[in-house]
Amino acid sequence: MKTEPNTSMQASKGAMSFLIMALIFLCVSTLWIALKPTLFLDSGLSTPIRAWTYLTLYGFVMPAVFGLIYRALPMAYASPLRGENLVLIHLGFHMFGFGILFAHALHPESVEPGMGVLFLACGVATFLINAGAALQKRGLAEPSSAFLAISLLWLSMSTLLGLPLSKEPTFAALKDTQWSAAALELCLLGFVMNAILGLALRLTSLRLANDPPQTNSSWFALYITNAGLAWLFGAITFGPAAYVLVCLGVYLSGVLIFLVRHMAITQERRVEILDWDTKMLVTSIWVLPIATLLGGWAAWIRMGNPDQPPVGLDTATALTAILGVAVPALVALLYQSEAILRGFNPDEPTAHLRLSSQILLAAFFNYATGVCLLLGGAGVGSEKMTALGALFTLVGAFGFTGNLVFLGKEKTSLDQSAVIA
């Protein structure tokens, strides 16, 4: 007798396309570093660094966030999307836009970015219509939904202001300012980090099968972090450095409040075993204060030497936020969502799941080791250290991707067993 199809799994096909695309580009991104270990030893924003940032940001980070939100809304928030076709339309817009922008980053003089920006903007509009309608149906009665709603707000603003690391601002009033770095901050801290924090609250609770008591700490974290990053955008754009330092302090205090609340959720769990996807998520989010402190250090140095900005520290701050926080946190959330979809008992995992958990541990260990070596090598200017770090990071990225394929084989076998039954 054929069982009824799982509507949650059917609804996640478009989301899974985003997630698979993101993992593929993560492998390409880390392979690029492995083939060119001197990439981050260049001073200033060179063409290769700009192209790599576009590849990582628009190829992995943003598609991973899109895919996770598309998957989480019907699965974790019981808020169905407007339609699966809109997800696929968004995927098409994003792929075309990303392809044009990446070509422009590699050959800025021969490829015009206008159509790429237009395609990305159309994709964002489709995403806002689809996900925004789902969030509106649910309401913002709890902080994780509010984090996602704020994330969509920052996404719309960052799209309106222009692309991070673009040479020319959208508005003439922002010319001769640091708006490009501020736009990157708005995208990473506003859109990406808010989405990560919101999904972490919801998916971790579901993953650990607990119903944590409602407290105001998550709301405080929401208000303080977003107040800090809103002020930070103006501070980075117009200065002075002392204002940047104050805004980073506000943002850091909100992050620390969130971390305390998230750790409390892991301690209140009903399951006995804390699997590696959750451990990986907790570790990744705890790197966010380190990235914030690095940004504060750069602002402090800039206060004393305004004519010689600390390019190395600025690069280290961005790399820590992207490679140290966003990438592993998004991968961890992907694996948390996979575990929730399967509905397996974490206290009694199958042999397949136990092996998958060990593969994830090995991949995360290699990835984390690689990121530490990359940042250290970039800091001291060591090509050998960055080359070794690139190799470890590459192994970790391929491990994340291969492990998802490994899990997919078990799902296929389970579906076949269900059909036979």
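All of the numbers you see were taken from the coordinates with simple rules; none came from a lab. Note that the coordinates shown come from a computational prediction; the quantities given were computed from them, not determined experimentally. Glycine also receives a Cβ, built like all others from the backbone with ideal geometry; neighbour counts cover every protein chain displayed.
Some points to look at:
- Subtracting the Cα-Cα distance of His107 and Tyr223 from their residue separation scaled by 0.36 nm leaves 37.7 nm.
- Cα gyration tensor, segment 23-149 - rounded (a/c under 1.5), prolate or oblate: prolate
- The listed peptides 201-209, 120-128, ordered by packing as a protection proxy, come out as 201-209, 120-128 (highest mean of other Cβ atoms within 10 Å first).
- Lysine-lysine proximity count for the chain, Cα under 28 Å, sequence distance 8 or more or distinct chains: 12
- With N counted as the residues of the chain, its alpha-carbon radius of gyration over 2.2 N^0.38 Å works out to 0.95.
- Whole-angstrom gap from segment 355-381 to segment 31-110, using each part's C-alpha centre: 21
- Simple rule: put +1 on each Lys or Arg Cβ and -1 on each Asp or Glu Cβ in the chain, find the dipole, and look at Thr350, Leu39, Val282; the Cα lying farthest toward the positive end is Thr350.
- Taking a ≥ b ≥ c as the square roots of the eigenvalues of the alpha-carbon gyration tensor, segment 180-338 is classed prolate because a/c is 1.5 or more and a/b outweighs b/c.
- Projecting the Cα atoms of Ala133, Leu256, Gly234 onto the dipole axis of the chain, where Lys and Arg carry +1 and Asp and Glu carry -1 at the beta carbon, places Ala133 farthest toward the positive end.
- Relative to the longest principal axis of the Cα atoms of the chain, the long axis of helix 114-138 makes an angle of roughly 50 degrees.
- Sites Thr47 and Ala209 - FRET efficiency at Förster radius 60 Å, r taken between beta-carbons, to 0.05: 0.75
- Added length on full extension, which subtracts the Cα-Cα distance from 0.36 nm per residue, Ile20 to Phe406: 137.6 nm
- Comparing mean-square fluctuations of Trp219, Trp154, Trp179 from a GNM of the chain with C-alpha springs under 10 Å, the top value falls on Trp219.
- C-alpha long axis of helix 143-161 to longest principal axis of the chain, angle in °: 40
- Listed values for segment 363-380 are Karplus-derived 3J(HN,Hα) couplings in whole Hz (6.51 cos²θ - 1.76 cosθ + 1.60, θ = phi - 60°), namely 5, 5, 4, 5, 5, 4, 4, x, 5, 4, 5, 4, 5, x, x, 5, x, 9, and x replaces Gly and Pro.
- Helix 241-267 and the longest principal axis of the Cα set of the chain meet at an angle near 10°.
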